[in-house]
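First the structure, in the form of structure tokens, and then the observations on it.
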Amino acid sequence: LDTFDGRSKVIANMFNLWREKKLFHCLAGWRNELYPIFGKDHKPLLVIERAGGGLLGIRHFGVHINGYVRDTDENGKPIIKMWIAKRALTKQTFPDMYDNVVAGGLPVGQTPIECAIRECMEEAYFPPEIAKKVVPVGAVTYTFYNFDGIKPENQYLYDLELSKDDLPKINDGEVQSFNLWDFDKVKK
């Protein structure tokens, strides 16, 4: 197990066997999406199937984009509204729940900004000239635990100011609807 490919193959074979035997619920959500596992020198050691990361307690990385519109309320006072996505019923994780306008996992070979732009184009069907306007605003680190395992996560956060005419569109089946809400509604 002294090569990137060798390590990746061993884990892939193990995950495939577990999936065939239906040993772990999380592997039913197989995505054919590879996540890198980094060593202490920040070089990739191997890649694993995204669905199985929680079984090994592997840190996941992703992006979340806050899409917002500047508007005015009924009294002419400036307000900000946010686009909120409702996840598809068929999503492997958190189906039928509300989410940022765009969110996604960071796969092998992409930087966070590249992932954010790609996800904007895929999930909300924003054209490249809009997607490229994402602005990095921070990151959130947390650990999520459920029956699929322990998943430490880092989410890179971006803001995307949109005009009233920049409407997200359902594109890749991951979202069932988009809603433009004021902050009072978002907080609920």
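A few comments on the model shown:
- Per the listing Gly109, Gly138, the residue uniquely small (Gly, Ala, Ser) and either part of a loop (DSSP other than H, G, I, E, B) or at pLDDT below 95 (or both) is Gly109.
- Within segment 108-130, residues that are within 17 Å of Glu161 (Cβ to Cβ) reach partners that are assigned to a loop (DSSP other than H, G, I, E, B) with beta carbons closer than 6 Å, at six or more positions or on different chains, in the pairs Ala116/Val134; Ile117/Lys132; Cys120/Phe126; Ala124/Val101; Ala124/Pro168; Ile130/Asp166.
- Filtering segment 162-188 to residues that are assigned to a strand (DSSP E or B) and of a type in the set (A, V, I, L, M) leaves Leu162, Val175, Leu180.
- Meets criteria (within 17 Å of the chain's Cα centre (by Cα), within 22 Å of Trp30 (Cα to Cα), modelled with pLDDT of 95 or more and assigned to a strand (DSSP E or B)) for Asp159: no
- Matching residues in segment 6-40 - criterion: being of a type in the set (Asp, Glu) and either within 23 Å of the chain's Cα centre (by Cα) or assigned by TED's automatic domain parsing to the domain that holds Gly105 (or both): Glu33
- Segment 104-152, subset among the small types (Gly, Ala, Ser) and either in contact with a Lys or Arg (Cβ under 9 Å, 6 or more places away or on another chain) or over 20 Å from Arg31 (Cα atoms) (or both), residue surrounded by the most Cβ atoms within 10 Å (Cβ to Cβ): Ala124
- When Cys115, Cys120 are checked against the criterion of being among the hydrophobic types (A, V, I, L, M, F, W, C), touching a Pro at 6+ places or on another chain (Cβ under 8 Å) and outside any loop (DSSP other than H, G, I, E, B), a single residue qualifies: Cys115.
The values are calculated or read from the model by the stated rules, or taken from the named source; none is laboratory data. Please read these numbers as outputs of a predicted model, since none were measured by experiment. Using ideal geometry, Cβ is built from the backbone for each residue, glycine included, and neighbour counts are taken over all protein chains shown.
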